[in-house]
Structures are given as structure tokens and as C-alpha cells.
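> This structure is in C-alpha cells; I'll ask about it shortly.
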Protein chains: 2
Amino acid sequence: MGYTPLWAAIAHLLRQDIAEGRYAPGDKLPTEAQMSDRHGVNRHTVRHALAALVQEGLVRTRRGAGAFVAARPADYPLGKRVRFTENLRRAGRNPGREVLGMEARAATAEEAALLDVAQGAQILASHGRSFADGQPMSVSESIFPLERLPGLDAALAEGLGVTHALKAVGISDYTRASTRVSAVLATATQAVVLQVREGDPLLKTTSLNVDPEGVPVEFGRSWFAGDRITLTLED
Amino acid sequence: MGYTPLWAAIAHLLRQDIAEGRYAPGDKLPTEAQMSDRHGVNRHTVRHALAALVQEGLVRTRRGAGAFVAARPADYPLGKRVRFTENLRRAGRNPGREVLGMEARAATAEEAALLDVAQGAQILASHGRSFADGQPMSVSESIFPLERLPGLDAALAEGLGVTHALKAVGISDYTRASTRVSAVLATATQAVVLQVREGDPLLKTTSLNVDPEGVPVEFGRSWFAGDRITLTLED
DNA sequence: CGGTATTTGTTCGTATGTATT
DNA sequence: AAATACATACGAACAAATACC
């Protein structure tokens, strides 16, 4: 009854080697050929084991280069006040942010409802990417009610983060009203931007930020690389 | 430059078929042999495509039976006060809970630190499983400081939920002090208990519950089936 | 810088095991 | 009990990306 596939056994060995530090984060694992020789199995069997570890986020592979032990996840506090750069700086990591694109358009029905604006009202959709120590941490889409925040497009175009851009248009403080979290798998596009593999697990958060009066100022969706991030919720 | 592996193209076709309702949740997909015939590719290529969809949670396979379109995800609200059964009942679903096992033992260093007890103090570890409409939603491990909560083991053994069991030993209210969320992949054991596949994406939450005075009463880890659950945080 | 060797990725073929129908 | 269908495992070849000299 008990029965362990060869690939699972090899995956288990590698998992232990990593857990016990014989391979540290960043280290290169033996090549597939070496491992199949050592264990006396076909290369495909080794590949199956590696694929499992890659899926667990324990290992990353690069065609032509090799298989490497993945870096440890970063911690990312998520509370009422969400300040990406401040949070990361406090954690001793070097944060960065990049605006991937921006567009003004009419709100969809869903966006209008969430932001409490009229259907068809102008909104600003901003796509961004956040880094820690040069490594992509998240891609995000922010939807702003433009009529409520004139000049925001210019502020964001200057490369300001959301916090500073909002401040520039008079919103000195805002609060997260609700956040929804789920686990999804990276699409091809997301995989490229986040520098993960298509099918990697991502944490998807959908959040609504409101000003001190409770008026919505931003509706955002973020996708975090699941193996680099741990969201922390503090009450 | 653009280059799409055959398996990715086939996965894309299947994804569309599912998205556009040509295969509804629960439907059986064509067999691997049929698909490899139709597309004129090797069976392994079809298997690679199916593996990708299985990883996305869109498809489930059963050895000997076939590949089936997965059921749709559920929603699960998570606020300051987290009450699994109440939350689900409000969502119009029929919740259930099952105690998988329980053990009293000495606290590990990590557990002792989090629960603020002496190293080696007795703790109670309880393993449980939660359902909605008969479908497993989460497996969880709860660590309780036994010396602080005498009689809790008996209360839990009676099948009471955490809330009622704590009430029975004098904790009438408790609050989630912090929650950490990450995306992980199901281990073999978890896969069996959650009725998902090994390697499926799971939402892992690590939380600390404290009484009104701020004294820790429970340290819990939960693993949610990522494709059946969305955590909702409302402030 | 360029060419070559190395290494992972894709695809085919074939055989056998194991669970379900 | 037999047929069906997914799972595992072997072998071979070539493609694509990277590393190295």
C-alpha cells in the first residue's frame, strides 16, 4: 500500500538537503545529468522531482544555467495603513518602485461601484511594479477616481509612489477599508513581470483605500510573488 | 522571438474551452489518448498541458477515471474576529468541523515564544478540519498553553469548536492579534486531508489569538484550499 | 567579441504499474 | 474479470538559453 514514486523520493532528499543547509539559498544544485547518474534514474525522473520543488518555491531553474535554491521569502506587513516602501525599509530591505503604465478611461461598472462614482466617470488606472533589493515583489493595478483627485496623473507620472502622489493632490492620509486575499497562479504576463514562472503561486490582494472621511480614493489589485512574500496582518 | 511550446498551446485551448463553458465544472475532459490523437502530439505533451491546468486549480485528475473541470472557489471572510462557522453560515453555506487529533506535549522554542510561556511548558496541539457543504475547506493546527487553560483538552475532545471550548474554560472572548498569510503548495499529507492534489496552491495563515487582556490563548496555523477560498479582511 | 560546450526545456517513442469503470 | 485511463519510468534527439574560453 505504501508506495513512493522515485521522483518523490529524490525530491524528498533534495528538500532535506536544502532544509539542513547543505544547499544554501542561491546555491546551484547538481545538474540533472549528475543527479540522474548518482541515483541511477532517468533524467526525466530527476526533472519530475525538480519540478515539484520548483512548484513549492524551494528551487528556481534557469534554462542553460542550472537549478538554484530559491531565496527566502520577504516579510510584508499589511495593516490598516499600508505603506509599501516604509514597510520594507523598516525590514532592512531596499525598496523600489516602477510605473509600468498609466491610462485614463471610463470606469467599468464594478470599478464605479467600488469607488462610489457615477458609471462612466473618468478613472485613472496605473500599473506598477515594486521591488525589494532589485527583485520584483509585486505587480499592481490601482484605480483612482480622477474627478475626485485632479492632478494625480501628473504626480504619478513623476514616479511618485501612491502615498506621495495622493499627498500631492491633497490626500494626506488614507486607510485600507477592506482587503481580500486569495492564492492564484501566475499568468504568462505576470510571470514575466514578476520574474517568476508561469504557474507559480501568487498572493492576490484586492483592496479599497479610503480617506479619513471614508470616501474611496483607490481601488487596487496586487499580485505578490508567493515565494518571496509573506503578508502580515496586524490589528 | 515569440515561441509557444505545444503543451502551452493545448493548455490555452483547454483553458478557453473551460472559460467559455464548453466544459462545465464537473465535466470530464477527453482522455489523454483522444487529445493526443486530435492534436497530433505525443501523449506526454497532452499530459504537460493537463499538469499546468491542474496546477492552476482549473482541472482535477483521478487515476483510472479521467480529468475533470474543477469546481468554483468559495469566499471566506476574515476579520478581526475570526469565527469560521459563523462566517460561513452567513455566507449561506453549511459549515462543519472535525477534530483529526489532539496531543499534549512540551512546547517547542518557537511555540513557547509566541504563546509567551516557558520553554518546555505543556501545550495542547489540536488538529482539525473545516468543511463547507461537506467539502474540506481548511486543515488547521492550534497550539494552546495548557497551564493557562486547564480543562481545555476535555472540552475540545467533546468536539466543541475552538470558540466554545475556550468559553468552557473561561475565555469568553478572544481577538486575533496578528495574522500572516502566504501562498504555499500542498504537501502529500495536506493534499489527502484537503482533497486536493499534492502541489496545489494553498493559503497558509499563521495567527495569534489573545484574550481581552492581550494574553495569548492560541497560536494557530491553517491551510486553506487556495482554489476554494478567498480570505476577506475587513477593518 | 565569437564560437563552443554545457545545461535546461520540449517532444517524441515505448513499456509497465495502478486505480477506476 | 476485463477494459479503460491516468501515473511512473526508461530512452533518444533536438532546441534554446546560458556559461565559458
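The values are calculated or read from the model by the stated rules, or taken from the named source; none is laboratory data. Here the structure is a predicted model, which means the values were calculated and not measured. Glycine gets a Cβ as well: all are built from the backbone with ideal geometry, and neighbour counts include every protein chain shown.
> Pick out, from segment A:1-97, the strands (runs of 3 or more DSSP E) lying fully within it that include 1 or more residues that are aromatic (Phe, Trp, Tyr) and modelled with pLDDT of 75 or more.
Working: elements: A:59-62, A:66-69, A:74-78.
Hits in segment A:1-97: A:66-69.
> Among the residues of segment A:15-53, how many are among the hydrophobic types (A, V, I, L, M, F, W, C) and touching a Ser or Thr at 6+ places or on another chain (Cβ under 6 Å)?
Start the filter on segment A:15-53 by keeping residues that are among the hydrophobic types (A, V, I, L, M, F, W, C), which leaves A:18-19, A:24, A:29, A:33, A:35, A:41, A:46, A:49-53.
Subset that is touching a Ser or Thr at 6+ places or on another chain (Cβ under 6 Å): A:46.
Within segment A:15-53, residues that are among the hydrophobic types (A, V, I, L, M, F, W, C) and touching a Ser or Thr at 6+ places or on another chain (Cβ under 6 Å) number 1.
> Moving to a separate point now. Could you check A:ASP133 against (1) among the acidic types (Asp, Glu); (2) touching a His at 6+ places or on another chain (Cβ under 6 Å); (3) at pLDDT below 75 and say which number it fails?
Status for A:ASP133: all satisfied but (2).
> On to the next question. From B:ASP227, B:ASP153, which residue is modelled with pLDDT of 75 or more and either more than 9 Å from chain A (Cβ to nearest Cβ) or touching a Pro at 6+ places or on another chain (Cβ under 8 Å) (or both)?
Details: B:ASP227 fails: modelled with pLDDT of 75 or more.
Going through B:ASP227, B:ASP153 in turn, the sole match is B:ASP153.
> On to the next question. Just checking, how many residues over segment A:14-49 are farther than 11 Å from A:VAL69 by Cα and within 13 Å of DNA strand D (Cβ to nearest atom)?
Result for segment A:14-49: 18.
> Could you tell me whether A:ARG105 is in contact (Cβ under 8 Å) with a residue 60 or more places away in the chain and in the same structural domain as A:THR205 (by TED's automatic domain parsing)?
Working: in contact (Cβ under 8 Å) with a residue 60 or more places away in the chain: no; in the same structural domain as A:THR205 (by TED's automatic domain parsing): yes.
It is false that A:ARG105 is in contact (Cβ under 8 Å) with a residue 60 or more places away in the chain and in the same structural domain as A:THR205 (by TED's automatic domain parsing).
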